[in-house]
Amino acid sequence: MSDIGGFIHDEIPNDEVDRIEAVYGPLTAAVRELVDATIRSTVSPEEAALALAEVEAVVARLRKQQVPGAAGVRFNSEGRAWNWGNAAVGLRNAIAPPLEITHVRSGLAFAEVGLGAAYEGPPGLVHGGVTALLLDHIMGETAAAGFTRITFTGTLTMVYRRGTPLGPLRLDARIDREEGRKVWVVASIGDADGPTVEAEGVFIIPKWAADPATS
């Protein structure tokens, strides 16, 4: 196993990755439901105390064996990569909505997501920081041009047109232009009535990952 800036070469075969995801995906979904239930529950303090004891027992069970620090991005020699801890799309991260991204082609993507009580800022509206998180992520994946290169956010400019309502939302992103190691991406998030937030970002291909011709 080797670690290159948090990108970890881990020779877990694909069938074992599938087996792990088949268990941890539903576990994460259940924890996500727990977060929502905790926010909206109106049970008595006595019932909440019983739930606390049960949750603490589950936490203790899962803490028996864990990686130190962050999960990072892992990949194997079969071309499989997994980013289970990611805050926007992590399969094992109950904080992630999760965002399910469709790449129409290299440099063009969209996503549909449903945001509930856990993502509220103003009453009935998505927290502005959450929209920034989701836009930053889809823009970063779009800049990566079909996962053929590594990019990091350089700058991100947001224009909030109106409040983003909780519920079903759509994100769209595309590469606008490129210059050397810089990639400009434009994107938006919105509901059935149109965009609520628009964004433009500059994404940088790090020198160590760049084609020498573009460095």
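FYI, it's all coordinate maths here, none of it is from the lab. Quantities reported herein were computed from a predicted structural model and do not represent experimental measurements. Note that we place each Cβ from the backbone using ideal geometry, even for glycine, and neighbour counts take in every protein chain shown.
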Order by protection proxy (mean Cβ within 10 Å, highest first), peptides 39-51, 166-178, 59-71, 87-99: 87-99, 166-178, 39-51, 59-71
Computed magnitude of the charge dipole of the chain (debye, nearest 20; Cβ of K, R +1, Cβ of D, E -1): 440
J(HN,Hα) series, the stretch 11-18, from Karplus relation 6.51 cos²θ - 1.76 cosθ + 1.60, nearest Hz, glycine and proline x: 7, 7, x, 4, 5, 6, 4, 4
Separation in nanometres of the label points that stand 7 Å from Cα toward Cβ, at Glu112 and Glu47: 3.4
Principal axes of the chain: Cα extent on each, largest first, Å: 65, 47, 25
Unit charges on C-beta of K, R, D, E only; dipole of the stretch 79-167, Debye: 180
Ellipticity estimate at 222 nm from DSSP helix runs (n ≥ 4, -39,500 (n - 2.57)) divided over the chain, nearest 500: -10000 deg cm²/dmol
Nonlocal amide H pairs with Thr164, under 5 Å, H built at 1.01 Å: Val126
